[in-house]
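The values are calculated or read from the model by the stated rules, or taken from the named source; none is laboratory data. Computed from a prediction, not measured in an experiment: that's the story for all the values here. We place every Cβ from the backbone using ideal geometry, glycine too, and count neighbours over all the protein chains shown. All accessible areas refer to the heavy atoms of the entire protein, side chains included, with ligands and DNA or RNA removed. Shrake-Rupley method; radii C 1.70, N 1.55, O 1.52, S 1.80 Å.
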Amino acid sequence: MTPQDRAEAPPTTDELTRILARPSAMAIFAAIIFLAGGMQVASEPFVALLQGATGWDHQYSLGMVTALALGGLALQCACLLISQRFPVLAAAGAAACYLGIVVWLAVPNWLTPMPFVVGIAVFLMAAHRRPLVSVVVSAVIIAATAVGLVAWALSTGAPFAVVSGFVLETTLSFAAPVVGGAALGVWWSRRVERLRRARDELAAAARQQEEHVRRARA
């Protein structure tokens, strides 16, 4: 392969993993996720203001709720920064941020980007941990979030039918990106491992060939 071909070749799976392992690259990665999710979080109150919504009866002002929701999203994205060294803690922290903001602000419809951040954290975890560990941690995160949502919904005094419908919808919306992130992470880790094994075998074959050449010359 010529230097020009090597420069034009797309990055491999292993190279992409090494790129994300850099703190500066992960910081940019987390910042982009925050900006994308923050636009979606801020769109709800922005649209409400454009429509001239009235009757805001939340304990906090509209601006305060928006700021707190964005703060929770920022804290989630900050958890991604430790995903290389502490992937399980990063995934659990991102899930805890989501549940805490849902229970505190009681505006789950505003927080649709936050489960996807959890899914990304789970993906990064599954890419660095064994499949069994990733499956168990993902299941615990989903179960703990569901239990927390049930406890909070029941504490509001809403009818059981309303509580069950809310919990089912919210849990499924949360579980979908988490399961998807775990599956993608397991697939990614196996691709990386297969690539590394192929490179090791190729290097060993090259060394063996060089040894044969040296013996033939001798």
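Quick one: would you say V162 is without any contact (Cβ under 8 Å) to a residue 24 or more places away in the chain and open to solvent by 20 Å² or more (accessible area, probe 1.4 Å)? Judged against the criteria, V162 is a match.
Criterion first (open to solvent by 20 Å² or more (accessible area, probe 1.4 Å) and either out of contact with any Pro (no Cβ under 7 Å at 6 or more places or on another chain) or part of a helix (DSSP H, G or I) (or both)) does V137 satisfy it? Please lay out each step first, then the result.
Working: open to solvent by 20 Å² or more (accessible area, probe 1.4 Å): yes; either out of contact with any Pro (no Cβ under 7 Å at 6 or more places or on another chain) or part of a helix (DSSP H, G or I) (or both): yes.
Against the criterion (open to solvent by 20 Å² or more (accessible area, probe 1.4 Å) and either out of contact with any Pro (no Cβ under 7 Å at 6 or more places or on another chain) or part of a helix (DSSP H, G or I) (or both)), V137 qualifies.
Report whether or not L154 is within 20 Å of I33 (Cβ to Cβ) and more than 14 Å from the chain's Cα centre (by Cα). Spelling it out, it is not the case that L154 is within 20 Å of I33 (Cβ to Cβ) and more than 14 Å from the chain's Cα centre (by Cα).
Somewhere in segment 166-187, is a residue out of contact with any Gly (no Cβ under 7 Å at 6 or more places or on another chain), open to solvent by less than 90 Å² (accessible area, probe 1.4 Å), over 20 Å from T112 (Cβ atoms) and at pLDDT below 85?
Quick first cut of segment 166-187, residues out of contact with any Gly (no Cβ under 7 Å at 6 or more places or on another chain) only: 166-176, 179, 182-187.
Remaining after also requiring open to solvent by less than 90 Å² (accessible area, probe 1.4 Å): 166-167, 170-171, 173-176, 179, 182-183, 185-186.
Restricting the remaining residues to those that are over 20 Å from T112 (Cβ atoms) gives 183, 185-186.
From what is left, the residues that are at pLDDT below 85 are none.
Checked against the condition, which is being out of contact with any Gly (no Cβ under 7 Å at 6 or more places or on another chain), open to solvent by less than 90 Å² (accessible area, probe 1.4 Å), over 20 Å from T112 (Cβ atoms) and at pLDDT below 85, segment 166-187 yields no hits at all.
Against the definition (farther than 21 Å from A36 by Cα, buried (at least 20 other Cβ atoms within 10 Å of the Cβ) and at pLDDT 90 or above), how does A92 come out, yes or no? Answer is yes for this residue. When only residues in segment 178-218 that are farther than 30 Å from V140 by Cβ and among the acidic types (D, E) count, which is farthest from the chain's Cα centre (by Cα)? Only one residue fits best here, namely E211.
Mind counting the residues in segment 19-43 that are farther than 17 Å from L75 by Cβ and among the hydrophobic types (A, V, I, L, M, F, W, C)? Before you say what the answer is, go through the steps one by one.
Step one: list which residues in segment 19-43 are farther than 17 Å from L75 by Cβ, which gives 19-25, 28, 39, 43.
Adding the requirement that they be among the hydrophobic types (A, V, I, L, M, F, W, C) leaves 19-21, 25, 28, 39.
Residues flagged as farther than 17 Å from L75 by Cβ and among the hydrophobic types (A, V, I, L, M, F, W, C) within segment 19-43 amount to 6.
When G37, G63, G52 are checked against the criterion of being on the phi > 0 side of the Ramachandran plot and either at pLDDT 85 or above or of a type outside the set (F, W, Y) (or both), a single residue qualifies: G52.
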